[in-house]
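A short worksheet on the structure shown next.
Values quoted throughout were computed directly from the atomic coordinates according to the rules given, and no laboratory measurement underlies them. Remember, predicted model here, so these are calculated numbers, not experimental data. Every residue, glycine as well, gets a Cβ built from its backbone with ideal geometry; the counts of neighbours run over all protein chains shown.
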Amino acid sequence: GVMVPFLEERSRSRGKKFAEGAAPLVYRVAEAIPSDVQHLAFWAFEAAPREAIGEDEVRAGLERILRHGAAVWDQQQDALAAGQRAVMVALARGPEASEYSEDFKRRVGKGGNNQIKTALQALQEREYVERLHGAWRISSPFRRIWLARVKGYPDPAW
């Protein structure tokens, strides 16, 4: 409730205004993670050639973040064990409440609950995934969006 008005006031004080719905879009795409909200808002602000920050500028800001992060995320993804990579790819589609469901196991390509549990624990220790509100998800919304795009999934940002 405070972050969107903060973004709007902060950008207004710097000479640019968020267009209707653009600040809430920043908040939603960054999944309400304060540092990610500020990161995306900064790049959207920088992308605005005029005084209004709209959806196009939010998209441009996101693209900048994804370009900067891609090399690191790609390298980190390649360094994972095969089972951990498979879990990350499965979670790129979105949060998973039941990591032992047949659907999730099919998407991961692993049959055993213990293999999935081990992969999730290792990924959680690296802070790549987290359990939030009873569901597993990739911790960084930007990493998740990047991985979803790499795998050709529908763009989770829009």
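Numbers at a glance
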read-out	value
Gaussian network model of the chain, Cα within-10 Å springs - most flexible of 92, 48, 71	71
Karplus-derived HN-Hα couplings along the stretch 115-126 (A = 6.51, B = -1.76, C = 1.60, θ = phi - 60°), whole Hz, x at Gly and Pro	5, 5, 4, 5, 5, 4, 4, 5, 5, 5, 4, 7
Cα-centre dipole for the chain with unit charges at Cβ (Lys and Arg positive, Asp and Glu negative), debye to 20	280 debye
Under 17 Å from the Cα of residue 117 - lysines, other chains or at least 8 residues apart	105
Spin-label pair residue 46/residue 131, simplified geometry with 7 Å Cα→Cβ offset, distance in nm	3.7 nm
Surface/4 estimate of mean projected area, convex hull on alpha-carbon atoms of the chain, nm²	9.5 nm²
Top of 55, 125, 99 by mean-square fluctuation, Gaussian network on the chain, Cα under 10 Å	125
Calculated from backbone phi, Karplus (6.51, -1.76, 1.60) coupling profile of the stretch 128-133 in Hz, x at Gly/Pro	8, 10, 8, 9, 10, 6
Estimated vicinal HN-Hα couplings, Hz - the stretch 57-72 in sequence order (Karplus 6.51, -1.76, 1.60; Gly, Pro = x)	6, 5, 4, 4, x, 5, 4, 5, 4, 5, 4, 5, x, 4, 5, 5
Cα long-axis angle, helix 34-47 against the chain (0 to 90 degrees, to the nearest 10)	50 degrees
Stretchable slack from residue 59 to residue 122, in nm (0.36 nm times residue separation minus alpha-carbon distance)	19.5 nm
Listed residues 98, 83, 157: farthest to the positive end of the dipole of the stretch 55-158 (Cβ charges)	83
Rounded if a/c under 1.5, otherwise prolate or oblate - the stretch 15-54, Cα gyration tensor axes	oblate
The stretch 96-158 pair-distance distribution - Cα-Cα, 10 Å bins, rounded %	21, 49, 29, 1
Size of charge dipole - the stretch 87-150 - debye, nearest 20, with Cβ of Lys, Arg +1 and Asp, Glu -1, no other charges	220 debye
The stretch 1-157 - percent relative contact order, Cα under 8 Å, separation 6 or more	18 percent
